[in-house]
Amino acid sequence: MANAKLLTVLLAFLVISMLATEALARHYQYGNGSLKPYQCQGRCTQRCSKARKTHECMFFCLKCCAKCLCVPPGTYGNKQLCPCYNNWKTKRGGPKCP
């Protein structure tokens, strides 16, 4: 019974989290081409603010933003809101954009 309650709470948390992310995306208009080039610096500064290698993060974030004109919200994750940013890969197949 305790496992069922825990599962219900976790599912509710997941649904609330997904709804909040979608609401944030609608409010800030995320998606490929949603930014103007001059907005990349500010969005990447926020995106890379907690990165261990801030300079490296900024380099790749600015490169990705210039191509995709989109930077996901927050300092980590949420890449599904910017498909171009999310799908651009390195030669080895890893993520290009932070």
Fill in the blank from the handout: Only unsatisfied item for residue 77, checking (1) surrounded by 13 or more Cβ atoms within 10 Å (Cβ to Cβ); (2) outside any helix (DSSP H, G or I); (3) free of Cβ contacts under 8 Å to residues at least 24 places away in the same chain, is (1)
Exercise for the section: Inspect all residues belonging to region 4-12 and state whether any of them is at pLDDT 70 or above, among the hydrophobic types (A, V, I, L, M, F, W, C) and either out of contact with any helix residue (DSSP H, G or I) (no Cβ under 7 Å at 6 or more places or on another chain) or more than 25 Å from residue 95 (Cβ to Cβ) (or both). Expected result: yes
Exercise for the section: Determine whether residue 44 is under 14 Å from residue 79 (Cα atoms), touching a Leu at 6+ places or on another chain (Cβ under 8 Å), in a helix (DSSP H, G or I) and modelled with pLDDT of 95 or more. Expected result: yes
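The values are calculated or read from the model by the stated rules, or taken from the named source; none is laboratory data. Just so we're clear, the structure is a prediction, and the values are computed from it rather than from any experiment. For neighbour counting, all protein chains shown are included, and Cβ atoms are generated from backbone atoms with ideal geometry for every residue, glycine included.
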